[in-house]
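Here the structure comes first, spelled out in structure tokens, and everything after it is commentary.
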Amino acid sequence: MNHRSSHRGGHRRKNFFRRIRHNVKKLFKNLTGPSEPKHYRPYLGPSQAGDQTLLEKEEFTGFSKERKKHHRRRFGSKPNWWSSGLSEFRRKLSLRKSESRKNKYKKRIRKKHKRENRKRTWYEFIRKFFPDYKKKINVPFSELSTENVTDQIKQQQKNYFYYSINSTAIFIIAYLLVYLIYQITVLIVASKWKLDSVLLYYDLAFNDYSPLWSRQNIIITTISGPVISLIIGVLFYRFLSERPKVKGFLKLFFLWIAMHGFNLFLGAFGSGVSFDQGFGYVPAWLYWNVFWQIFMSLVFLFILGYIGYYAAPKFLDTSKSAYRVRPENRLRFLLFQVALPMAIGTVIILLIKIPNNMPYETGTMVTMVFGIVPVFLNRNAKPSITFEREKKATHIKWIYIVIFVVFMIIYRVGLNNGLHIKMYYDFIFSLNINSL
């Protein structure tokens, strides 16, 4: 007999239908009651009491020792060498991975201790000649005189304004980077159909009356910029800004890039639908009715606000002091670090684009409010990193100010007359840029 259709003990293995019939018979048997009376087992004396108890247990459970042994043989008679080998391989692989993670963590800790020891040794060497070099002097607030308290308050006010100045410069630099990537992506995609364009500081102009336009390339060209902005937002928000080495102003720079990327997709849809420009061409050429356009605009703005709500801990991480992220100082810090730079930076960008402020671009800048206001609504937000106890003074980062000024001059003056760009890349790449 085939071993697949039988097992040890000579019993045939029931197939699916036999098991169903067996279960149905068993169910009716239990409903109608036992067909035979219970067998009476008399008392056999003290020597066989143990056997009597064992028989009673077997009768109660319905399985004898031989039956249990038989079932063990039925379900586990042949060990599955493939599953056991695979489980052993997985166990060894997990152990190997855990050991490698532990070794990496130990190496990282050793490197950190070595850096701290070298830094401490260097400070001790310099302090032989300059005793107060890099020493943190903390004076209790109660021991300060009235004049010193006033000076401390003024210094704190200056520190908050320094936060706003630095964050405003970073906000504008991040916007210009994401905006140029947006426009260059649209330019490259349009070149697939030999559609040349003019890159200006306020828009990317095409020949709207060209016979090369079709419904397909209008949709693909228009949606390419917002899609690349969304990819940039996810990349910087989810991955790059969460790296442990990214701290301070660098993390703030990555967060502003992410927020601009999300806004140029989620906010630009609502602005495009409102003014029938830019991203609004996509739902128009997909023949969406007014209800679906407004509904999707509201959904995208809600998602933008949701992202801003959970971005509050990330913005708190950009502080260099635990004093400024306390619950009583948190809203003030976010006001000077996030809200004011967004408002001031938006006004500066709109002033730079005068007298050619496009309604679509202006509306997209305004929709950033939907991503910033929910930052203040997250009252339970806490920073994900630990800060030092000492309050660190904040200064103006002149490197960001210089980059901001240079970038703005190149952007406004270089693209004032526009660059006529012709790009073809079917089989041979060809690029021609002329200033108008």
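Hey, among I223, I232, I218, I257, which residue is among the β-branched types (V, I, T), surrounded by 15 or more Cβ atoms within 10 Å (Cβ to Cβ) and farther than 24 Å from Y306 by Cα?
Numbers: I223 fails: farther than 24 Å from Y306 by Cα; I232 fails: farther than 24 Å from Y306 by Cα; I257 fails: farther than 24 Å from Y306 by Cα.
So the residue among I223, I232, I218, I257 that is among the β-branched types (V, I, T), surrounded by 15 or more Cβ atoms within 10 Å (Cβ to Cβ) and farther than 24 Å from Y306 by Cα is I218.
Can you tell me how many residues in segment 292-340 are in a helix (DSSP H, G or I) and within 18 Å of G248 (Cβ to Cβ)? Spell out how you get there, then give the answer.
Step one: of segment 292-340, the residues in a helix (DSSP H, G or I) are 292-310, 312-317, 330-340.
Filter again for within 18 Å of G248 (Cβ to Cβ), leaving 312-317, 330, 333-334, 336-338.
The total comes to 12.
I'm checking my understanding of the structure. Among residues of segment 272-297 that are aliphatic (A, V, I, L, M), over 16 Å from T362 (Cβ atoms) and touching a residue at least 12 places away in the same chain (Cβ under 8 Å), which one is surrounded by the fewest Cβ atoms within 10 Å (Cβ to Cβ)? I'd like the intermediate steps shown before the answer.
The initial filter retains those residues of segment 272-297 that are aliphatic (A, V, I, L, M), namely 273, 282, 284, 286, 290, 294, 296.
Keeping just the survivors that are over 16 Å from T362 (Cβ atoms) gives 282, 284, 286, 290, 294, 296.
Adding the requirement that they be touching a residue at least 12 places away in the same chain (Cβ under 8 Å) leaves 282, 286, 294, 296.
Numbers: V282: 20, L286: 12, I294: 14, M296: 15.
Checked segment 272-297; the qualifying residue surrounded by the fewest Cβ atoms within 10 Å (Cβ to Cβ) is L286.
One line per residue, one yes/no per condition, for (1) buried (at least 17 other Cβ atoms within 10 Å of the Cβ); (2) under 18 Å from F171 (Cα atoms); (3) of a type outside the set (D, E):
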site: F315; (1), (2), (3): yes, yes, yes
site: K320; (1), (2), (3): yes, no, yes
site: Q337; (1), (2), (3): yes, yes, yes
site: I349; (1), (2), (3): yes, yes, yes
site: P355; (1), (2), (3): no, no, yes
site: A381; (1), (2), (3): yes, no, yes
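Quickly run through segment 322-381 and pick out the residues that are of a type in the set (V, I, T) and either more than 23 Å from L264 (Cβ to Cβ) or within 26 Å of the chain's Cα centre (by Cα) (or both).
Filtering segment 322-381 down to residues of a type in the set (V, I, T) leaves 325, 338, 344, 346-349, 352, 354, 362, 364, 366-367, 369, 372-373, 375.
Matches in segment 322-381: V325, V338, T346, T364, V366, T367, V369, I372, V373, V375.
Kindly provide the set of residues from segment 186-198 that are surrounded by fewer than 20 Cβ atoms within 10 Å (Cβ to Cβ) and closer than 18 Å to T364 by Cβ, ordered by number.
Once the filter is applied, which keeps residues that are surrounded by fewer than 20 Cβ atoms within 10 Å (Cβ to Cβ) and closer than 18 Å to T364 by Cβ, segment 186-198 yields nothing.
Can you tell me which residue is surrounded by the most Cβ atoms within 10 Å (Cβ to Cβ) among those in segment 235-254 that are in a helix (DSSP H, G or I) and in contact with a Phe, Trp or Tyr (Cβ under 8 Å, 6 or more places away or on another chain)?
As a first pass, look at segment 235-254 and keep what is in a helix (DSSP H, G or I): 235-242, 248-254.
Cutting the leftovers down to in contact with a Phe, Trp or Tyr (Cβ under 8 Å, 6 or more places away or on another chain) gives us 236-237, 240-241, 249, 252, 254.
Details: F236: 25, Y237: 21, L240: 17, S241: 21, F249: 18, L252: 27, F254: 23.
Ranking the candidates gives L252 first.
At pLDDT below 90 and within 18 Å of the chain's Cα centre (by Cα): which single residue out of K194, K245 fits that description? Walk me through it before giving the result.
Details: K194 fails: within 18 Å of the chain's Cα centre (by Cα).
Residue meeting the stated conditions: K245.
The values are calculated or read from the model by the stated rules, or taken from the named source; none is laboratory data. Fair warning: this is a prediction, and the values are worked out from it, not measured in the lab. Note: ideal-geometry Cβ built from the backbone for every residue, glycine included; neighbour counts use all protein chains shown.
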